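Take this structure first; my questions come after.
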Amino acid sequence: MKNGRFLTLGIETSCDETAAAVVADGRAVCSNIISSQIDIHRVFGGVVPEIASRHHLTNINTVIETAMKEASVSFDDIDLIGVTKGPGLVGAVLIGLSTAKALSYAMKKPFVGVHHIKAHVCSSLIQDTELKPPFLSLIVSGGHTDIIDIVSLREYKLLGQSRDDAAGEAFDKVARVLGLSYPGGPEIDRLATKGNPKSINFKRVMLEEGSLDFSFSGTKTGVLNYINTEKQAGRDINTADIAASFQASVVDVLVEKTRMALKKTGRKTLVLGGGVAANSSLRTRIKEVCSEEDISLILPSPELCTDNAAMVACAATMDYKTGIEDSLDLDAYSTIAF
Ligand code: KG4
Ligand code: ZN
């Protein structure tokens, strides 16, 4: 507690970002430090779990110290430690979780392990400090494509999820085939601005009528088949047209399913989160839908969309305020329900 404000230290290490943040009263960001390992994993074309864990271990203390320094607080001022418990790369999650437990034990501070996707939802509580449930959320990241109805901060209802590749995973795989570097999402986003989204008609997989689930692996395979066919026929491929057409096919499905979920739930507020929520075409299209349907839209800043620890601190504070606290035997999880 400092100046009457409840202070949470957040820690996030579920994938390739080592992150720590200090958040006041759950929603005011005092510091948000992200040490990205992207340059290290880029040469391998994707995240190598063992390397990610090692780098988290090397970086975590410095990242936490920097977050504390930037927020001008000491460990005595901290009221709560929040950390990602999963889902994620389990070895990577374990580094953040063990650090949080060690700090909690040594400093005699409570700690809460949070669900990574819940934390992505909470980035909107930081973006709009007046936001409160109920609202609908679309979380699109490298590992998840989830439509979740946030009934209350304790009741998250999963309405739809990916049955195969997550949207970000499909972006990364298609980018790789196009010779773009990792992570592929931002690269495709950039290249797509130079292409024609209507030039190639890639599959829009909607699944059974009324289903809010997603399937992007067929679309990804469609892109691979298209490239192979064109190359075998000796034709030049236009990578910008492929990027724009692929992006349009993914965005069309995300937007349409979100529209269906808004109708089904009757929710009047929509929040976006996860790395793919930084996609410029998705942001534009979702804004159009929300204005057509008179829905209020919360779009976190790109820094709050991708993995960060401020969202983890926010989620932990919300849980703690409703009476949740974890003990030192909490496990790290590669998959976990809400
Ligand atoms: O949420 P996030 O930072 O990490 C996970 O929890 O997965 O999301 C990372 C994913 C990657 O697949 C990356 O390619 C994608 O988000 N991404 C994007 C964009 N920026 C990041 N995808 C499409 N367009 C973008 N601008
Ligand atoms: Zn994430």
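The values are calculated or read from the model by the stated rules, or taken from the named source; none is laboratory data. All values derive from a computational prediction rather than experimental measurement. Note that we place each Cβ from the backbone using ideal geometry, even for glycine, and neighbour counts take in every protein chain shown. Only protein heavy atoms, including side chains, enter the accessible area calculation; ligands, DNA and RNA are left aside. Shrake-Rupley method; radii C 1.70, N 1.55, O 1.52, S 1.80 Å.
Confirm whether C314 is more than 13 Å from the chain's Cα centre (by Cα), assigned to a helix (DSSP H, G or I), assigned by TED's automatic domain parsing to the domain that holds A248 and within 19 Å of P134 (Cβ to Cβ).
no
From the list I139, I126, exactly one residue is under 14 Å from M318 (Cβ atoms) and within 16 Å of ligand 1 (Cβ to nearest atom). Which is it? Let's see the steps before the verdict.
Numbers: I139 fails: under 14 Å from M318 (Cβ atoms).
After ruling out the rest, the residue left standing is I126.
Which pairs turn up if I take residues in region 196-210 that are touching a residue at least 12 places away in the same chain (Cβ under 8 Å) and look for partners that are in a loop (DSSP other than H, G, I, E, B) and among the charged types (D, E, K, R) with beta carbon separation below 9 Å, at least 6 apart in sequence or on another chain?
L207/R163; L207/D213
So which of H144, H115 is within 16 Å of ligand 2 (Cβ to nearest atom), open to solvent by 10 Å² or more (accessible area, probe 1.4 Å) and out of contact with any helix residue (DSSP H, G or I) (no Cβ under 7 Å at 6 or more places or on another chain)?
Working: H144 fails: out of contact with any helix residue (DSSP H, G or I) (no Cβ under 7 Å at 6 or more places or on another chain).
On inspection, the qualifying residue turns out to be H115.
Collect the residues in region 32-89 that are modelled with pLDDT under 90 and in contact with a Lys or Arg (Cβ under 6 Å, 6 or more places away or on another chain), keeping them in residue-number order.
Scanning region 32-89 gives a single hit, G45.
Collect the residues in region 25-55 that are over 26 Å from M68 (Cα atoms) and either within 14 Å of ligand 1 (Cβ to nearest atom) or open to solvent by less than 30 Å² (accessible area, probe 1.4 Å) (or both), keeping them in residue-number order.
Within region 25-55, H41, R42, G45, G46, V47, P49 qualify.
Taking the criterion of being open to solvent by 20 Å² or more (accessible area, probe 1.4 Å), in contact with a helix residue (DSSP H, G or I) (Cβ under 6 Å, 6 or more places away or on another chain), over 17 Å from F111 (Cβ atoms) and not assigned by TED's automatic domain parsing to the domain that holds A106, would at least one residue in region 2-24 satisfy it?
yes
Going residue by residue through region 271-281, is there one that turns out to be in contact (Cβ under 8 Å) with a residue 12 or more places away in the chain, closer than 24 Å to M206 by Cα and surrounded by fewer than 18 Cβ atoms within 10 Å (Cβ to Cβ)? Spell out how you get there, then give the answer.
First, pick out the residues of region 271-281 that are in contact (Cβ under 8 Å) with a residue 12 or more places away in the chain: 271-281.
Right, trim to closer than 24 Å to M206 by Cα and you get 271-281.
Among the residues that remain, those that are also surrounded by fewer than 18 Cβ atoms within 10 Å (Cβ to Cβ) are: 280.
Among the residues of region 271-281, at least one is in contact (Cβ under 8 Å) with a residue 12 or more places away in the chain, closer than 24 Å to M206 by Cα and surrounded by fewer than 18 Cβ atoms within 10 Å (Cβ to Cβ), which makes the answer yes.
Continuing with the same structure: Restricting to region 291-309, what's the tally of residues that are surrounded by fewer than 21 Cβ atoms within 10 Å (Cβ to Cβ) and either within 10 Å of ligand 1 (Cβ to nearest atom) or not small (G, A, S) (or both)? Spell out the reasoning first.
Initial filter on region 291-309 (surrounded by fewer than 21 Cβ atoms within 10 Å (Cβ to Cβ)): 291-298, 301-303.
If we keep only those that are either within 10 Å of ligand 1 (Cβ to nearest atom) or not small (G, A, S) (or both) too, we end up with 292-295, 297-298, 302-303.
Total satisfying the criteria: 8.
Considering only region 77-86, state which residues are open to solvent by less than 10 Å² (accessible area, probe 1.4 Å) and closer than 13 Å to D331 by Cβ. Walk me through how you get there before you give the answer.
Initially, region 77-86 is screened for residues open to solvent by less than 10 Å² (accessible area, probe 1.4 Å), giving 78, 80-84, 86.
Correct list: V83, T84, G86.
Taking the condition of being in a helix (DSSP H, G or I) and closer than 15 Å to L282 by Cβ, how many residues in region 188-202 meet it?
Result for region 188-202: 4.
Considering region 147-177 alone, what residues qualify as being open to solvent by 10 Å² or more (accessible area, probe 1.4 Å), away from ligand 2 (no atom under 15 Å from the Cβ) and under 30 Å from T239 (Cβ atoms)?
Those that are open to solvent by 10 Å² or more (accessible area, probe 1.4 Å), away from ligand 2 (no atom under 15 Å from the Cβ) and under 30 Å from T239 (Cβ atoms): R163, D164, D165, K173, R176, V177.
Shifting gears a bit: Could you please give the count of residues in region 234-244 that are modelled with pLDDT under 95 and open to solvent by less than 60 Å² (accessible area, probe 1.4 Å)? Show your work before the answer.
The initial filter retains those residues of region 234-244 that are modelled with pLDDT under 95, namely 234-237.
In the following step, the residues that additionally are open to solvent by less than 60 Å² (accessible area, probe 1.4 Å) were identified as 237.
Qualifying residue count for the region: 1.
Mind counting the residues in region 1-52 that are away from ligand 2 (no atom under 16 Å from the Cβ), touching a strand residue (DSSP E or B) at 6+ places or on another chain (Cβ under 9 Å) and of a type in the set (V, I, T)?
Of the residues in region 1-52, 5 are away from ligand 2 (no atom under 16 Å from the Cβ), touching a strand residue (DSSP E or B) at 6+ places or on another chain (Cβ under 9 Å) and of a type in the set (V, I, T).
Quick check on my filter: what residues within region 1-59 are without any contact (Cβ under 8 Å) to a residue 40 or more places away in the chain, aliphatic (A, V, I, L, M) and part of a helix (DSSP H, G or I)?
Within region 1-59, I40, I51, L57 qualify.
Going residue by residue through region 254-267, is there one that turns out to be within 30 Å of Q37 (Cβ to Cβ) and either buried (at least 16 other Cβ atoms within 10 Å of the Cβ) or within 16 Å of ligand 1 (Cβ to nearest atom) (or both)?
Looking through region 254-267, at least one residue is within 30 Å of Q37 (Cβ to Cβ) and either buried (at least 16 other Cβ atoms within 10 Å of the Cβ) or within 16 Å of ligand 1 (Cβ to nearest atom) (or both).
Condition first: more than 15 Å from S249 (Cα to Cα) and within 14 Å of ligand 1 (Cβ to nearest atom). Now tell me which residues in region 178-190 satisfy that.
If the condition is that a residue be more than 15 Å from S249 (Cα to Cα) and within 14 Å of ligand 1 (Cβ to nearest atom), then L178, L180, S181, Y182, P183, G184, P186, E187, R190 are the ones that fit.
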